[in-house]
1. List the pairs whose first member sits in the range 230-244 and is at positive phi and surrounded by 13 or more Cβ atoms within 10 Å (Cβ to Cβ), whose second member is basic (Lys, Arg) and modelled with pLDDT of 95 or more, and whose Cβ atoms are under 6 Å apart, counting only residues at least 6 apart or on separate chains?
2. Taking CYS141 as meeting all but one of (1) more than 16 Å from ligand 2 (Cβ to nearest atom); (2) surrounded by 14 or more Cβ atoms within 10 Å (Cβ to Cβ); (3) in a loop (DSSP other than H, G, I, E, B); (4) not basic (Lys, Arg), write down the number of the exception.
3. When you check GLY78 against the structure, is it more than 16 Å from ligand 2 (Cβ to nearest atom) and either in contact with a strand residue (DSSP E or B) (Cβ under 9 Å, 6 or more places away or on another chain) or part of a loop (DSSP other than H, G, I, E, B) (or both), yes or no?
4. So HIS30 passes all but one of these: (1) part of a helix (DSSP H, G or I); (2) within 16 Å of ligand 1 (Cβ to nearest atom); (3) buried (at least 18 other Cβ atoms within 10 Å of the Cβ); (4) over 13 Å from the mean Cα position of the chain (by Cα). Which condition number does it fail?
5. Taking into account only those residues within the range 191-207 that are within 9 Å of ligand 2 (Cβ to nearest atom) and either farther than 14 Å from LEU171 by Cα or more than 12 Å from the chain's Cα centre (by Cα) (or both), which is surrounded by the fewest Cβ atoms within 10 Å (Cβ to Cβ)?
6. Does SER213 qualify as being surrounded by 20 or more Cβ atoms within 10 Å (Cβ to Cβ), outside any loop (DSSP other than H, G, I, E, B), of a type in the set (Ser, Thr, Tyr) and touching a helix residue (DSSP H, G or I) at 6+ places or on another chain (Cβ under 8 Å)?
7. Sort out which residues of the range 130-162 are free of Cβ contacts under 8 Å to residues at least 60 places away in the same chain, hydrophobic (A, V, I, L, M, F, W, C) and within 23 Å of HIS67 (Cβ to Cβ), and write them in order of number.
8. Would it be correct to say that ARG208 is part of a loop (DSSP other than H, G, I, E, B) and modelled with pLDDT under 95?
Amino acid sequence: MGNVSSLWIVPLMAVGLTQIAVIATSTYLHRLLAHRSLTVHPAADVVFRAILWLTTGQDRREWVAVHRKHHAFTDRDGDPHSPLLRGFWHVQFLNAIYYAREAKNPETIRRFAADIREDRLDRVVFSRGWAGVALGTALLCLILGLWPGLIVAAVHGVLYVLVVAPLINGLGHWRGAQTFSNTAYNSRALAWMTGGESLHNNHHAHPRSPRFSARRLEFDPSWVVIRALAAVRLVGITGTPIPRGSAAVTPLHG
Ligand SMILES: [Zn+2]
Ligand SMILES: [Zn+2]
């Protein structure tokens, strides 16, 4: 931290790490596991899980179950994190608590993630979320030094848990543009920092589409990563992408 150039490393690493975690969440947990719009090579499967373990500590069965429940009960009784039911600021600040509460409900896991089997890697390594986060933080400290490492880990944690995830779950069901008639909204600007997840109105209309953008000027960063991985056969694209410009069929609001 002695010179000016090293000061840039901290915010750059924090934002970069959050982007990696966000794109891994959107690609692997969301599009691949929860909606089955992609398939994955076994090697890439382990890499995705390792990245998510080190950067978020999330359990894949829990994530998938909570998310599928959100689709099953969108904005009505049973939705784990609806701003229409709980209030916008509640979801913005307490999203992690709503998530954790639902994730610890064994009935939710049984009903919504029965197809995701716990394998040996889950049992031995990836189910220990806090160990992943601790190891990830230790690696950062090793690379950057103690304090820069701790600061990067903390800023990344705040960005992922208190900024990006609530922007998707809260704002994505509160305000924005609508192409399709459902209770979710699109934000073209936010989609750049949420791995395309803020094209949330498109996603609720076409949940099995592996691409979240549907119209001109909508950009889905995860789709760029998915196409690159598909080009080298690390992922396969199985869901049908939303037809581009398919928008005109439903009236626009917002
Ligand atoms: Zn939603
Ligand atoms: Zn979804």
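The values are calculated or read from the model by the stated rules, or taken from the named source; none is laboratory data. None of the values given here were measured: they were computed from a predicted structure. Please note: Cβ atoms are built from the backbone with ideal geometry, for glycine as well, and neighbour counts cover all protein chains shown.
1. Nothing qualifies.
2. (3)
3. When the stated conditions are applied, GLY78 does not pass them.
4. (4)
5. PRO207
6. No; evaluated as a whole, the condition is false for this residue.
7. VAL158
8. So ARG208 does not fit the description; no.
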